[in-house]
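First up is the structure itself, then whatever we jot down about it.
What follows is calculated from the coordinates using simple rules that are stated; it is not laboratory data. All values reported here derive from a predicted model rather than from experimental measurement. Quick reminder, even Gly has a Cβ in these numbers, built from the backbone with ideal geometry, and neighbours come from all protein chains shown.
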Amino acid sequence: MKPIVCVFCEGNDTKIAVVEKEKEKIRVLITGSYNVIQPPVVVTEGITNLRVDTDDLSFEDLDKASPITDVEVVSTSGLALISTSLKGINLNNSVFIPILTEPVLHYHVYEGSKLGKSSKFTQELIRDIYETKNITVSKDELAFVELADKSSLAVFLNGEISCVKLINSLAGYNGKKFYKIPTIKSAEISLANYVAKKKKFFPDDQSLIVYIGKEYSKLIFLQGRKLKHIGTTLDIGTTNLHTYDVYFSKILLEMDNGGITSLDNIIVCGEDDSENLILSFYGTFPEANVSRLEFDEIDYSLLSTEAQTSISAYSIMLAIANEYFDDQVQKHSESINLLPRYVKEEQKVFQFAWHGYAILPLLFGATFFLTLQILMNNKKVNELEKEIAQQTVLLRQNQEILGRIAALESKISGFGQTQAILDSASVGTGVWSKVTEHFSDFFGAKQNIWLTKAGADGNNIALEGFTLSKLSPTEFAYSIDGSELKGIYFESIREKNAYRFNLNFNLSQFPKVTQ
């Protein structure tokens with residue numbers, strides 16, 4: 001597999017470890033520790049205090065009064081030293097992994113409802129971070145893991161990533177646009193994952209990982225094999241530590257903050273894993289099992305003897321490398337990736353190789369051909385637009401003529417309807433004349449029957465009236481061909497016996513009547 005260059009930026013202390021995996025074995029190629037003023041962009045002369053754990057460098061010409069232990073790397077000089085220490089590595093074929101911690105990296109414990117890895121839960125985390133810390137977090141700069149108590153630990157970036165700037169500066173120094181960065185890792189979470197994987201803790205064990213750096217130290221608590229609590233970064237390390245008692249008071253404080261009553265295991269790693277430190281932990285926590293973090297499954301035999309003895313100083317980088325290789329085969333479910341979108345976009349810039357230059361004539365020819373086609377198509381488009389304008393004017397004229405024709409058709413159809421109504425009215429006038437004449441003759445002859453109501457539904461006529469004789473409605477019905485006497489009902493009118501009747505007939509029967 002490709003070499004992995006792990007870069008851990010912790011304050012002014014920057015560590016680099018180059019590892020590769022051959023078959024199933026992880027092998028460490030180079031380790032180096034630099035005291036870098038971040039970021040190394042402004043050109044400044046002078047170097048002091050560098051330590052590179054490799055046999056490839058020699059500084060015999062430097063002032064012998066200042067022994068080389070730690071080197072403060074500034075700008076171009078610093079990039080030159082880092083580049084020289086990595087000269088045996090094909091950086092173009094390597095991947096770089098920035099490892100972050102506070103203050104660039106932030107942690108936030110969220111105890112709300114767990115919704116899995118859904119976008120709704122991510123938005124809830126972003127909202128909670130803004131409400132509690134007043135920090136706006138981008139979705140692509142946020143990740144989270146589940147803690148031992150089932151709450152969620154959000155991990156997010158805030159501010160400029162000095163590690164990425166350092167890697168980009170190194171790429172620029174070597175004449176490259178960028179080096180490949182597939183992921184950005186959290187130092188504390190990856191170290192906790194590595195210890196949980198390596199150590200066989202019981203489910204109820206309370207364990208503490210103590211990482212001691214040069215300027216800062218980390219306290220990471222586990223419950224069983226799950227992350228329990230990440231303590232606040234301690235501003236004490238090997239360069240400013242006078243007594244181990246400071247660690248013990250800080251540990252007790254963080255135990256109280258994390259709700260941890262006792263410790264079953266203490267794992268020590270970093271710049272200091274000496275016997276004195278381990279014995280001091282034994283004295284303060286006599287019931288805990290205190291041990292160093294060992295790397296027996298990793299081959300670091302290629303390093304110098306001095307570098308091998310200080311391998312614990314690179315614990316975080318080796319844990320990151322182990323996690324990265326596990327990610328390639330999807331073995332680690334708790335790993336996170338904090339690579340921002342802008343870093344991904346920066347790495348999409350096309351770079352020409354020899355085959356890129358070979359296709360340049362083809363690109364020029366294709367551009368010329370496409371430009372010619374575009375000009376020809378633009379000409380055709382202009383012609384079509386003129387034709388469309390002409391057709392639009394013609395369409396409007398046709399629509400106006402059609403409107404006039406529709407008005408004339410409306411008048412013609414209205415005349416036909418009027419004529420039909422007049423014809424119908426003239427025909428109906430003759431029929432009703434016959435009907436009224438028949439009614440007048442019959443009622444005049446009887447003198448005891450009269451109409452009170454008449455209604456028409458088309459040719460169907462409904463009559464209602466009164467009579468003093470029960471026989472008169474029957475005779476009236478017989479006088480009209482096809483009529484139907486619906487009923488005769490007794491009703492008194494002014495203390496006289498009278499009858500109300502209903503009679504229906506069809507107007508089309510007239511002038512046919514029965515005398």
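Do the alpha carbons of any pairs in Lys25/Lys176; Lys15/Lys177; Lys150/Lys331 sit beyond 26 Å of each other, and which pairs?
Lys25/Lys176, as the Cα separations exceed 26 Å there.
Can you tell which of Thr474, Ser440, Asn497 lies farthest toward the positive end of the dipole of segment 432-509, using +1 and -1 charges on the Cβ of basic and acidic side chains (Lys, Arg; Asp, Glu)?
The listed residue farthest towards the positive side: Asn497.
Taking the number of other C-beta atoms within 10 Å as the exposure measure, put Lys21, Lys386 in order starting with the fewest.
Working: Lys21 17, Lys386 10.
Ranked by crowding around the Cβ, least crowded first: Lys386, Lys21.
Return the equivalent ellipsoid semi-axes of segment 432-509 as a descending list in whole Å, where each equals the square root of 5 times an eigenvalue of the C-alpha gyration tensor.
Its equivalent ellipsoid spans semi-axes of 21, 13, 11 Å.
Net charge near Ile266, counting Lys/Arg +1 and Asp/Glu -1 over other residues with Cβ under 15 Å of its Cβ?
-2
Can you compute the label reach from Thr238? Point 7 Å from Cα along the Cβ direction, backbone N cut-off under 18 Å, restricted to segment 191-219.
210-219
Name the residues whose placed amide hydrogens come within less than 5 Å of the amide hydrogen of Ile89, ignoring near sequence neighbours (fewer than 5 apart) on the same chain.
It is none; the list stays empty.
Cα-Cα over 30 Å: which of Lys87/Lys198; Lys21/Lys199; Lys120/Lys218; Lys139/Lys348?
Among Lys87/Lys198; Lys21/Lys199; Lys120/Lys218; Lys139/Lys348, the Cα-Cα distance tops 30 Å for Lys87/Lys198; Lys120/Lys218.
Return the sequence-ordered ³J(HN,Hα) values of segment 273-282 in whole Hz as given by the Karplus equation 6.51 cos²θ - 1.76 cosθ + 1.60 applied to θ = phi - 60°, using x for Gly and Pro.
Computed from phi, the couplings for segment 273-282 are 10, 6, 5, 4, 5, 5, 5, 5, 5, 4 Hz.
Got a sec? How would Tyr244, Tyr216 order by Cβ neighbour count within 10 Å, fewest to most?
On the way: Tyr244 17, Tyr216 20.
Fewest-to-most ranking of Tyr244, Tyr216: Tyr244, Tyr216.
What's the exposure ranking of Leu362, Leu125, going from fewest to most Cβ atoms within 10 Å?
Leu362, Leu125
Can you return the aspartates and glutamates within cross-link range of Lys446? Criterion is Cα-Cα under 14 Å, with same-chain partners fewer than 8 residues away left out.
Glu475
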